[in-house]
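Quick notes on the structure that follows.
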Amino acid sequence: MFSNIYRLGHCTELAIEEFKCLTGGGKIEVVDQWLFSDQVIDTNISGSVVFGGEILQKYNKSELKIEILHEFLSQYIQSNKETVKKIGISLPTKFSKNFLGVAKKAGAKKINIIKDQLPNYGHKKSVKNWLVITEIQHDVVVFSINSYSDQQFWSELDQKLPNNDMKRGIINIKLARSLVNLTKNSKLIDPFNGVGRLAISSLDKQKIWRLSDIDKVCEEQTMTNLEAANYLWKIKKNIITQDTITISTFDAKKISELEIDLSDFSVVTEGFLGFNPGRMLRDNEIKNEYDKLKDLWTQVLQSCQTKGIKEIIFCLPFYNITKKPITPDWIFEIAEQTNYNVNDLNGKKMILYKRAETKVGHAIIKLTV
Ligand SMILES: C[S@@+](CC[C@H](N)C(=O)[O-])C[C@H]1O[C@@H](n2cnc3c(N)ncnc32)[C@H](O)[C@@H]1O
């Protein structure tokens, strides 16, 4: 039996891949939106793992009697009396009969029971200790939550950037964080930097960043954003950022013209997603967009190859996200021509990251030499 369980975010493939990168591999098992592992991570370092916990018991669903759960709860509270005076319990309605009474009798003073739902960030904020009893396929798994991604911090970071509209990509800070977590390298280039969300999402990671964008206005906007973000990281997370960041203006196609050694840097970028009118694009518009991006990325990859850059993590747009997605498969040909290998991301060549309200999704791709 694995000792830890993690709740994966809505893009499970990204969360799995991020988990693997953060833990350096190791055995895992994924069932629905759950990941089982023997490794422990604080889910706050990830962008797409929601919460994690220690598995306390696992029962076979068909053999489980409610009295066994009562017995477990009673013993759990009694042996953790000091820490679980106030306890939250999340469980299916069918197991909930008499739970309150059993918890009280065992010594819990304040008990918050939620039925048929997992604790959300608000629940976790108001009660520190949560015991979750949940059905996962043929099992009933009981675990205590030991880390919960600080949703409030991520959205504050997103919303409190002074420049968050001018060059708004559809990336959010948590996706930016996940992208950065897909590399182990500490020297990073974002050549489509916009207003700096990738660097901002990871100011605790002590990276060396070279940020650039074709648009000169991004330099100043990123600097102002970094100032605000440094302040938030400091007051909310007690992190005094140590990152070394340089910001400049140039065309990503011309990385090769920079007179500096970039061979030990990795590119991690959202990239340029092109025209995004907020509606479904027509077929001819998609073709048009892909033709332009194909030309752009052919030159960017050639430029990276010339500079000896060994790892490139980036996004391309994919369309028709709710039906049969139209994906930028043309990138594989360009990768081959420039001698980059397409990495497996959770068994696929690209991860399709979509959000309900968007018409264009992020296809996440990782190339290495
Ligand atoms: C989707 S936005 C990136 C948003 C960014 N991730 C952020 O956090 O703000 C794409 C950016 O690519 C830039 N861009 C487009 N073509 C470029 C090129 N050829 N070279 C460099 N930057 C380019 C645009 O100016 C824009 O800021």
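The values are calculated or read from the model by the stated rules, or taken from the named source; none is laboratory data. Here the structure is a predicted model, which means the values were calculated and not measured. Methodologically, a virtual Cβ is constructed for each residue, glycine included, from the backbone with ideal geometry; neighbour enumeration extends over all protein chains shown. Just the protein is used for accessible areas: all its heavy atoms, side chains included, with ligands, DNA and RNA removed. Shrake-Rupley method; radii C 1.70, N 1.55, O 1.52, S 1.80 Å.
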Taking only pairs six or more apart or across chains, which ones have beta-carbon atoms under 9 Å, a first residue in region 107-127 that is under 21 Å from residue 6 (Cβ atoms), and a second residue that is among the charged types (D, E, K, R)?
118/7; 121/150; 127/86; 127/110
Sort out which residues of region 4-53 are without any contact (Cβ under 8 Å) to a residue 40 or more places away in the chain, polar (S, T, N, Q) and assigned to a strand (DSSP E or B), and write them in order of number.
37
With the condition kept exactly as written, say whether any residue in region 54-61 is farther than 24 Å from residue 173 by Cα and assigned to a helix (DSSP H, G or I).
yes
Residues in region 170-228 that are under 14 Å from residue 313 (Cβ atoms), within 11 Å of the ligand (Cβ to nearest atom) and modelled with pLDDT under 95: how many?
1
Give me the pairs, please: first residue somewhere in region 346-361 and farther than 9 Å from residue 13 by Cα, second residue anywhere and basic (Lys, Arg) and part of a loop (DSSP other than H, G, I, E, B), beta-carbon distance under 7 Å, and either six or more positions apart or on two chains.
359/279; 361/354
When region 354-369 is checked residue by residue, the ones that are farther than 20 Å from residue 185 by Cβ and open to solvent by less than 60 Å² (accessible area, probe 1.4 Å) are 355, 358, 360, 361, 362, 363
In region 119-139, is there at least one residue being in a helix (DSSP H, G or I) and touching a Leu at 6+ places or on another chain (Cβ under 8 Å)?
no
Candidates 89, 66, 145 - the one that is at pLDDT below 95 and among the aliphatic types (A, V, I, L, M):
66
Quick one: is residue 351 open to solvent by less than 80 Å² (accessible area, probe 1.4 Å) and either under 24 Å from residue 173 (Cβ atoms) or modelled with pLDDT under 95 (or both)?
yes
Checked pairs for region 153-180, first under 21 Å from residue 121 (Cβ atoms), second modelled with pLDDT under 95 and in a loop (DSSP other than H, G, I, E, B), C-beta under 6 Å and 6 or more apart or across chains, list as 158/172
